[in-house]
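Contents: one structure, followed by commentary.
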Amino acid sequence: MSVQFCGLTLAHPIINGSGTFDAIAARRAFGEQLLNAFPFSAYVSKTITLEPRIGNPPPRLWETPAGLINSIGLPNKGLDGYLREDLPQLAELIAGARIEGGDGTPVQLITNVMGASAEELARLVQACDGRAEIAAIELNVSCPNVKTGLDIGADPAQLEQVVRAVRGATAKPLIVKLTPNTAAVPVCAQAAEEAGADAVSLINTLRATALAPRKAGQRLSDRSDRWLGGGSGGQSGPAIRAVALAQVAAVAARVAVPVIGMGGVQSSAHARDLLDVGATLVAVGTESFRDPAAGSRIAQGL
């Protein structure tokens with residue numbers, strides 16, 4: 001079950017999607033049970049930004065018939081807070097984590113970062129590069145460009161410039177988490193590869209919204225008619241699984257670097273589908289909200 005990924009040896013191909021499993025909170029809830037049966041071969045942190053963020057106002061979640069819309073807004077302590085407070089806790093947790101049925105292969109830590117410009121991303125990446133606890137870095141390029149309003153990762157030329165500018169800031173494996181909200185996902189993946197990315201991951205959530213309850217015939221008036229405090233959010237869960245499968249297959253056929261596939265994975269059969277179309281690793285996200293041990297269950301099923 002062990003797999004090689006960007007020079008790292010992982011016990012199995014199942015990891016978590018960024019922001020979908022708070023390992024520090026999970027340890028408070030489950031204690032040693034979490035450490036003795038850690039569900040992922042590599043742990044991906046919540047997205048870290050340069051400055052602290054409080055996130056979007058509530059409500060932040062809306063359950064759909066086949067998944068979840070979230071408008072969390074990337075709350076985090078900022079780079080300094082992450083390095084000072086969260087990283088030591090995560091490093092200690094990861095060092096003590098054991099994978100059920102594993103061969104003793106250590107769990108690896110991947111830090112996810114997001115910035116609104118190449119300069120911001122480079123500062124984040126450079127800071128992470130100096131920390132031995134971090135095995136790899138994942139770039140979240142779904143942040144809107146202030147000039148165009150489009151995700152930074154939605155334009156292949158812009159994405160190539162950003163990745164090329166960031167590449168020199170680290171010798172660690174660099175993963176680019178692609179946005180699905182563009183018609184050119186495989187082209188963007190190729191641009192990231194050509195700029196020096198060691199791997200790509202997809203798919204992120206699809207843009208979505210939910211309307212607040214209202215009287216029959218009542219027209220929408222303003223943002224207050226949206227249920228989510230942030231106005232809109234990202235759809236995840238089973239509803240996006242077929243989209244994920246199509247995009248992962250298209251990207252894997254386009255690039256030579258490893259691909260991390262994710263989107264609606266609930267079972268080992270779903271994970272196997274992504275592996276069969278070219279993914280090297282599979283990330284579990286929304287399913288962990290329903291079943292915190294989903295990663296272990298899916299890995300054991302494989």
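Just so it is clear, none of the values below were taken in a lab; they were calculated from the coordinates. All of these numbers come straight from a predicted model, not from anything done at the bench. Every residue, glycine as well, gets a Cβ built from its backbone with ideal geometry; the counts of neighbours run over all protein chains shown.
A few notes on this one:
- Long-range amide H partners of LYS46 with built H, under 5 Å: GLY19
- Spacing of the modelled spin labels on ARG207 and GLU100, each 7 Å from Cα toward Cβ, amounts to 4.0 nm.
- When the charge dipole of the chain is built from unit charges on Cβ atoms (+1 for Lys and Arg, -1 for Asp and Glu) and taken about the Cα centre, the candidate among SER45, TRP227, ALA132 whose Cα reaches farthest toward its positive end is TRP227.
- Relative to the Cα centre, the charge distribution of region 1-121, modelled as +1 at Lys and Arg Cβ and -1 at Asp and Glu Cβ, gives a dipole magnitude of about 180 debye.
- Relative contact order for the chain: 20 percent, from Cα pairs under 8 Å spaced at least 6 residues apart, divided by residue count.
- Close Lys-Lys pairs in the chain, where close means Cα under 30 Å and separation is 8 or more or interchain: 8
- Entry note, the chain: the mean residue ellipticity at 222 nm calculated from DSSP H runs of n ≥ 4, each adding -39500 (n - 2.57), is -8500 deg cm²/dmol after division by the residues and rounding to the nearest 500.
- Put simply, when 101-113, 152-164 are sorted by average Cβ atoms within 10 angstrom per residue, most first, you get 152-164, 101-113.
- Highest-MSF residue in the chain out of ILE54, ILE94, ILE137 [GNM, Cα springs under 10 Å]: ILE54
- Other-chain or far-sequence residues with amide H under 5 Å of SER201's (modelled H): VAL176, LYS177, LEU178, ILE260
- A cut-off of 5 Å between modelled amide H atoms, ignoring neighbours fewer than 5 places along the same chain, links VAL284 with ILE15, ASN16, GLY17.
- Sorting the segments 3-16, 70-83 by their residues' average number of neighbouring beta-carbon atoms within 10 angstrom, most packed first, yields 3-16, 70-83.
- Each Lys and Arg adds +1 at its Cβ and each Asp and Glu adds -1 at its Cβ; summed about the Cα centre, the chain shows a dipole of about 820 debye.
- Calculated FRET efficiency for the pair GLU85/THR64, C-beta based, R₀ 45 Å, to 0.05: 0.85
- Label assignment, semi-axes √(5λ) of the Cα gyration tensor in Å derived from the structure, set (1) 27, 23, 21; (2) 35, 22, 20; (3) 44, 25, 16: (1)
- Between ASP276 and GLU92, full extension at 0.36 nm per residue minus the direct alpha carbon distance yields a gain of 62.8 nm.
- In terms of the mean number of neighbouring beta-carbon atoms within 10 Å, the peptides 28-39, 203-214 order highest first as 203-214, 28-39.
- Rounded to whole Hz, the Karplus (6.51, -1.76, 1.60) HN-Hα couplings of region 178-194, x for glycine and proline: 6, 7, x, 8, 7, 7, 10, 4, x, 5, 5, 4, 5, 5, 5, 4, 5
- Phi to ³J(HN,Hα) by Karplus 6.51 cos²θ - 1.76 cosθ + 1.60 over region 132-140, Hz, x for Gly, Pro: 5, 5, 8, 8, 7, 10, 10, 8, 8
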